[in-house]
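The block underneath contains the structure these notes are about, expressed in structure tokens.
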Amino acid sequence: MKAKDLARQLGVSPATISLVLNNKPGISDTLRRSLLKKIRELGCGDMIGAAQDSGNYASQRPHPVIAYLIYTSCDETDDRFAFYPAVLEGAEMEARENGFHLVVMHLSRQGNPQLQSLLEDVGDTAGVIIQAGHISAGILEDVRSLRLPAVFVDAYLPNRQINSVCVNNEQGVFTAVRYLKEKGHRDLGYVYSGQENDSQVDRRRCFHQALWEYGLEDRKEFYFSCADLHFGSSADELSLRFQKVKPFPTALLAENDHLAWQAIKALEQAGLRVPEDVSVIGFDNRSLCTMITPRLTSMKNSRRLMGRECISLLQNLCRLRRLGIYDACLNYQISTQLIERDSVRDLTKTT
């Protein structure tokens, strides 16, 4: 019997049969064992390579796999997903340097009952990294069903036992608020997306807390939500909202750099100059910070380092499991750094 006829009879591709017969990596151990058994039952054991038949495949096994799971929805509009490519790059580099093969999968945030089978098809999976703006019930069910070490990237739920690597939003927001206070600003406003992204919700909570701890007034009218603004007209509509608030805060902290850019355009349309009339700070330190006028002061986070630390955390979880510790709950936080540019005025200096 030819290999292609054997593949047809077993309901798999000729490429898969070739990997099995020639003792090559590229399929899961479960599938390999199943096909070997069926091949022998068909009386075709003589087609199996000597090394495979003698059970020596373990010495030629491929690198263990780490699966990078990206959860999205069909109507995904969250600008936070511009944040993740550098995280994935860092994870891929760290995985390769530590003998892992990184496999990327795009999944539905509503849940994926076939996820276990998908992972079995890609090989010996050692753990998973999960990228999701919001940790839904479907995602938590996926993680529970896998029974593998799992790490969430930049997403965290304080009421759940999950492992994560996150931006230290508290440190970042507190640093920004303290910096503005030291520059003489006492009336601070906040521009936020209004989306239920776990990290962004955390930043809003930290802004409230920072105002209280630094003795600054927390005024409801100084919070500007962009939740119901369309992308193309967001600056126009935000400008109208700005014009309704009097007196206006002397400084704005934006939830991310894109919102800071929209705020700067809206302020200009409202007749306010940045930083002469209103100072603005962004968050994430994306490339656009140096592409706009004035150049945007922002809080830098190390996205590639986040990706690398996801791999390190998975390795630590695997080590703990070997010690019999299966219920560890670890959270790594990556601190931010203030990058000063031109969008903040020092009110302590008199002209």
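The values are calculated or read from the model by the stated rules, or taken from the named source; none is laboratory data. Computed from a prediction, not measured in an experiment: that's the story for all the values here. Positions of Cβ are backbone-derived with ideal geometry, glycine not excepted, and every protein chain shown enters the neighbour counts. Heavy atoms of the whole protein, side chains included, go into the accessibility calculation; ligands, DNA and RNA do not. Shrake-Rupley method; radii C 1.70, N 1.55, O 1.52, S 1.80 Å.
Total lysine pairs in the range 145-301 at Cα distances under 20 Å, for residues eight or more apart or on different chains: 7. Remark on residue 127: its backbone amide H falls under 5 Å from those of 67, a criterion applied only to residues 5 or more positions apart or on other chains, H modelled at 1.01 Å from N. Available extension along the chain between residue 105 and residue 330 is 78.6 nm, counting 0.36 nm per residue and deducting the alpha carbon span.
Per residue, the accessible area of the range 168-220 comes to 45 Å² when a 1.4 Å probe rolls over the protein heavy atoms. Any chance you could check the Cα centroid distance between the range 91-154 and the range 302-322 for me, in angstrom? For the range 91-154 versus the range 302-322, the Cα centre distance is 13 Å. Counting only DSSP H runs of at least 4 residues, each contributing -39500 (n - 2.57), and dividing by the residue count of the chain, the helix-based mean residue ellipticity at 222 nm comes to -12000 deg cm²/dmol. Solvent-accessible area of the range 258-351 (1.4 angstrom probe, protein heavy atoms only): carbon and sulfur portion equals 46 percent. Projected label points at residue 338 and residue 29, each 7 Å from Cα along the beta carbon direction, are separated by 5.3 nanometres. Net charge dipole, the chain: roughly 720 debye, given to the nearest 20, about the Cα centre with Cβ charges of +1 for Lys and Arg and -1 for Asp and Glu. Taking all C-alpha pairs of the range 228-333, those more than 19 Å from each other amount to 56 percent. Extension gain for the segment residue 5 to residue 223, taken as residue separation times 0.36 nm less the Cα-Cα distance, is 71.7 nm to one decimal.
As a ratio to 2.2 N^0.38 Å, the alpha-carbon radius of gyration for the range 166-292 is 0.97. For the chain, the equivalent ellipsoid built from the Cα gyration tensor has semi-axes of 52, 20, 17 Å, listed from largest to smallest. Its Cα gyration tensor gives the range 101-229 an equivalent ellipsoid; the semi-axes, largest first and in whole Å, are 38, 15, 11. At full extension, residue 205 and residue 15 could sit 63.1 nm farther apart than now, given 0.36 nm per residue minus the alpha carbon distance. Amide H contacts under 5 Å for residue 334: 166, 167, 168, restricted to partners 5 or more places along the chain or on a different chain, H placed in the peptide plane at 1.01 Å from N. Packing order of peptides 263-269, 331-337, 318-324, highest average first: 263-269, 331-337, 318-324 (average count of other Cβ atoms within 10 Å over each peptide's residues). When the convex hull of its Cα atoms is viewed from all sides, the range 282-351 shows a mean projected area of 6.8 nm².
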